[in-house]
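Written out below as structure tokens is the structure these notes cover.
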Amino acid sequence: MRAVFLSKNMAETVRPPVVTILGHVDHGKTTLLDFIRQTTVAAREVGGITQATSAYQVEHQGKLITFIDTPGHAAFEKMRARGAKLADIAILVVAVDDGVMPQTVEAIKHIKSAGIPMIVALNKVDLPGIDVKVQTEKIKKQLSDKEVLIEEYGGDVPLVPVSAKTGQGVPELLETITLVAEIHELKGDSQKPAEGIIIESRLDKFRGPVATVLVRDGTLKRGDKMAVGEASGKVRGMTDWSGKIVDKAGPSMPVEVLGFEKVPPVGVNLGEVKGAEGNGKAKAVSLIERLKETGSEVLNVVVKADKQGSLEAITTALEKFNEEKQLVKVLSSGTGDITYSDIGLAVASKAIVLGFNVKVVPTAQRLAEVNNVLIRTYNIIYELLDEMEDVVEGILQPGKVEEVFGRAQIIAEFPYGKGEKIAGCKILEGTISKGPKVRLVRDGEVVGEMKIKSLKRLKEEVSKVEKGQECGMIFDTAIEFTPGDIVESFRLL
Ligand code: GDP
């Protein structure tokens, strides 16, 4: 019986409304925002707080309200144009002395196209010499001409007379906001990964890219991965609007976030927020090594992703590597977790397995371990593609990705037999062995490759020499060397 009541939406709760203020210039938007913030700040903490973000939260009779401090149509329009639903409720500020003005009309248009409920705040009712009653009636008519129907006119738009200067009517305005929010049943689910919008971003000299994120739903936590366009990153630190450090931000909460690698664009949705566990950045080197082991010039891959859309984006991007020559071959692609049969296919075709936003089922993990199949999982598409790019570069340009494991300097030369020379060397770093290819480097440039056919230490033939030792080398080719040249032992990946 209890299970029935524990519905799957148990985590869904009422979330605070997100409110934005619009209206004609000088009608009092900034003053109203300031008044609301200052009065609630005073109630919270003596001494006041400097606002750190362009959004803040206030508490009215135990209920939170989020205000976005971006008066101005440009910002609002930008957000809307980018498809981001920023606010839940709009407050249209109209000065009682001035009435409906051109920017009031513009604001009405924006609010209507955003499809969100509106509250009219009739501001400056404290102004002396104004017949508020007469003006109010006049403005109600002006509004109805613009198809904004006030409650008394049979519409659903509340009108609240206020003074941003004296604070008169402000509690009623806050009360109206919470009522409208209740009617619209704003819900959030704090258990979900966060969805959010970047409402402000900048490059801080000391802290790097800083973004104010309005969490629309879910919870943003420290360590979560974020991606906005080309800007991705991990939440390294968060502060609330008053500058207090927080570990997480739930639905409707604005937070200042550190951790983006680039400054993210304003007005866009914060995408791909993923849990903190994620995998570390994998190394392309081991993939290139694996490829060399298979002796193949084409990297066979099995791709799995959570959604068809991501899968297509990945396979299309991988195909781009094949413009000149086939380098990557997608043997199989599909949605869902990485399974036993995916690994089976990878074993049979010496492929690697790429996963995007998917898990590896335990049986598949075991099979992969036994057969030494490489699995790479990613939460950010760019990371996947970056790594593949490194791999492809390693295939295309052998020598670009390499490992040097020994360096010797030629300190003298001695004639030996017929036209041959012995290079007298001192090993500067690592080890150098007889047999595998080495190269001759002069002034930082490779001047030739050869093998060491004889390696002598104190007249004794040895197979390798180590750092600090001196030795004599005879090369298999008649390469011209001079004292000062470097002999390097290396490995191409
Ligand atoms: P905004 O351009 O809409 O942000 O308008 P402001 O908040 O900057 O206000 C414009 C001017 O109107 C300022 O000089 C304010 O002091 C004044 N003002 C704003 N609200 C009130 C009010 O309720 N009463 C009175 N008397 N003046 C106000």
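The values are calculated or read from the model by the stated rules, or taken from the named source; none is laboratory data. Bear in mind that the values here come from a model prediction, so they are computed numbers and not experimental data. Note that each Cβ is placed from the backbone with ideal geometry, even for glycine, and that neighbours are counted across all protein chains shown. Side chains included, ligands, DNA and RNA excluded: accessible areas come from the protein's heavy atoms. Shrake-Rupley method; radii C 1.70, N 1.55, O 1.52, S 1.80 Å.
Would you mind stating whether A164 is open to solvent by less than 20 Å² (accessible area, probe 1.4 Å), more than 16 Å from the ligand (Cβ to nearest atom) and touching a residue at least 40 places away in the same chain (Cβ under 8 Å)? Break it down stepwise before answering.
Working: open to solvent by less than 20 Å² (accessible area, probe 1.4 Å): yes; more than 16 Å from the ligand (Cβ to nearest atom): no; touching a residue at least 40 places away in the same chain (Cβ under 8 Å): yes.
No.
Quick check on I119: is it in contact (Cβ under 8 Å) with a residue 12 or more places away in the chain, in a loop (DSSP other than H, G, I, E, B) and surrounded by 13 or more Cβ atoms within 10 Å (Cβ to Cβ)?
Details: in contact (Cβ under 8 Å) with a residue 12 or more places away in the chain: yes; in a loop (DSSP other than H, G, I, E, B): no; surrounded by 13 or more Cβ atoms within 10 Å (Cβ to Cβ): yes.
Here the answer is no, as I119 does not meet what is asked.
For segment 239-259, what are the residues that are outside any loop (DSSP other than H, G, I, E, B) and either over 16 Å from the mean Cα position of the chain (by Cα) or more than 18 Å from S201 (Cα to Cα) (or both)? Reasoning before the result, please.
First, pick out the residues of segment 239-259 that are outside any loop (DSSP other than H, G, I, E, B): 239, 245-246, 248-249, 254-259.
The answer is T239, I245, V246, K248, A249, P254.
Looking at I130, is it in a helix (DSSP H, G or I), out of contact with any Gly (no Cβ under 7 Å at 6 or more places or on another chain), within 16 Å of the ligand (Cβ to nearest atom) and of a type in the set (V, I, T)? Reasoning before the result, please.
Details: in a helix (DSSP H, G or I): no; out of contact with any Gly (no Cβ under 7 Å at 6 or more places or on another chain): yes; within 16 Å of the ligand (Cβ to nearest atom): yes; of a type in the set (V, I, T): yes.
It is false that I130 is in a helix (DSSP H, G or I), out of contact with any Gly (no Cβ under 7 Å at 6 or more places or on another chain), within 16 Å of the ligand (Cβ to nearest atom) and of a type in the set (V, I, T).
Among the candidates D217, D126, D204, D156, single out the residue that is outside the structural domain of A90 (by TED's automatic domain parsing), closer than 27 Å to Q61 by Cα and not β-branched (V, I, T).
Numbers: D126 fails: outside the structural domain of A90 (by TED's automatic domain parsing); D204 fails: closer than 27 Å to Q61 by Cα; D156 fails: outside the structural domain of A90 (by TED's automatic domain parsing).
Sole residue among the options that is outside the structural domain of A90 (by TED's automatic domain parsing), closer than 27 Å to Q61 by Cα and not β-branched (V, I, T): D217.
Which ones in segment 144-160 are under 43 Å from the mean Cα position of the chain (by Cα) and either closer than 18 Å to K29 by Cα or assigned to a helix (DSSP H, G or I) (or both)?
Within segment 144-160, P158, L159, V160 meet the criteria.
Taking the condition in the same structural domain as I36 (by TED's automatic domain parsing), polar (S, T, N, Q) and over 14 Å from R15 (Cβ atoms), does S163 pass? Outline the logic, then answer.
On the way: in the same structural domain as I36 (by TED's automatic domain parsing): yes; polar (S, T, N, Q): yes; over 14 Å from R15 (Cβ atoms): yes.
Yes, satisfied.
Somewhere in segment 186-195, is a residue of a type in the set (A, V, I, L, M), under 15 Å from the mean Cα position of the chain (by Cα) and surrounded by 15 or more Cβ atoms within 10 Å (Cβ to Cβ)? Walk me through it before giving the result.
Looking only at segment 186-195, we keep the residues that are of a type in the set (A, V, I, L, M), and these are 186, 194.
Subsequent filtering for residues that are under 15 Å from the mean Cα position of the chain (by Cα) retains 194.
Pick out the ones that are also surrounded by 15 or more Cβ atoms within 10 Å (Cβ to Cβ) and you get 194.
Yes, because at least one residue in segment 186-195 is of a type in the set (A, V, I, L, M), under 15 Å from the mean Cα position of the chain (by Cα) and surrounded by 15 or more Cβ atoms within 10 Å (Cβ to Cβ).
Check T166 against each of (1) modelled with pLDDT of 95 or more; (2) outside any helix (DSSP H, G or I); (3) in contact with a Gly (Cβ under 7 Å, 6 or more places away or on another chain) and name the one condition it does not meet.
Going through (1) modelled with pLDDT of 95 or more; (2) outside any helix (DSSP H, G or I); (3) in contact with a Gly (Cβ under 7 Å, 6 or more places away or on another chain) one by one, T166 breaks only (3).
Can you list residue pairs whose Cβ atoms sit under 6 Å apart, with the first residue in segment 244-255 being free of Cβ contacts under 8 Å to residues at least 12 places away in the same chain and the second being crowded, with 16+ Cβ neighbours inside 10 Å and among the hydroxyl-bearing types (S, T, Y)? Count only pairs 6 or more apart in sequence or on different chains.
Sorted first by the residue in segment 244-255, then by its partner, the pairs are I245/T239.
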